[in-house]
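To keep things clear, I will list the structure first and then write my remarks on it.
What follows is calculated from the coordinates using simple rules that are stated; it is not laboratory data. Since the model is a prediction, treat every value here as computed from it, not as a measurement. Counting neighbours? That spans all protein chains shown, and the Cβs are built from the backbone with ideal geometry, glycine included.
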Amino acid sequence: MGAQLHLSEENLLDYLRGLGLLAPGARAAVEKAGDGNINWVRRVRAQGGAGPGAGARSFVVKQARPALERFPEYRVSTDRILFEHRYLERTRPLDADSVLPAVYRFDLENRVLVLEDLSGAERMDRALARGADLVSAAARLAAFLGRVHAATGEDTGLANAFANDAMRRLHGDHIFALPLRPNDFPLSPAVAARAAALQADAELVRIADAAYARYLEPRGALVHGDVQAGNVLLPAAGPKLLDAEIAHVGDPAFDLGTLLAHLLLPGAAAGRPEAGAGAAAAALDAYRAAGGECAPADALRYAGLELLRRTIGAARVAALESDEASLAVLERAVAWIRRPPSGARGLRD
């Protein structure tokens, strides 16, 4: 890989013209897109011009740089965008419901991915927060995961093609390790006291460490690695799953568990465990019908660990602003980490 061209608002349009994605004479505007936690991400809206690429169009440009965009103290290989592109290409033949975004161009040398623009589509976490009916969306996402896991579970060559260890470990540390070790995460006194008690719980820490070891095993199936509600958009045609920078070969239950955690989190925070249970049950059924074979209890233990990190980790969510909501979710998380339900029936308890 040669010297990477760092994109900016000043040179982005010329770069896109060089790729043939912007027509000569087209007018274009550049704006930020998404949270931009990991990569430099911009949306481009263009219109006019002549020849190929003319007319009104928009797309999203992602560039991976050595330092993470929002957390520059973390430096991770720019290969993460290569693994994202590989994931999109490897799984697209399995995408019967068009869950994946379209790819317009991949520039390996400069670590740039140009994708379809889904602006205007609601994020799944926001839809969940307002109580939207997401049974159909959850089923489509889970069916996609089930097809991918079923089709890739026997492909022994994928582990080398997706040796994404740096991103997998960085993500894993924030899920399995950091919330249960002394840290400086900004928590209220009540939540911090509960977090300290959990960190002192040797049995809980042992279970989390064992789950982390399982997550790190380079065998199983091709997993997306971050099926969280903030990475799902909900256009009218159906859900779109974004941001596969953590894609790797590993435990398929991790993908399903992360999805289940986010479907169930708002209800748990509001003290209504039945809320979201219908969507989660639909996800379990669709996953199994699509060929996915992981045990629900394995997925729900991962779901508990994801709920834990969303409550006392670095990635807290808006639904957990109050102590009451945080403590309610912590109790659900700890219960599932210790004794995860064996199926959909236990989701409402």
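List residues of segment 175-212, by number, whose backbone nitrogen lies under 14 Å from a label position 7 Å along Cα→C-beta of residue 338. From segment 175-212, the list is 197-208. The share of Cα pairs per 5 Å bin across segment 12-116, counted from zero up to the longest distance, runs 2, 12, 20, 21, 19, 15, 9, 2, 0 percent. Taking the Kirkwood radius as Rh and the Cα radius of gyration as Rg, segment 159-299 has a ratio of Rg/Rh equal to 0.98. Compared with the alpha-carbon gap, the fully stretched path from residue 9 to residue 155 is longer by 48.4 nm at 0.36 nm per residue.
Considering only alpha-carbon pairs that sit under 8 angstrom and 6 or more positions apart, the relative contact order computed for segment 58-117 is 45 percent.
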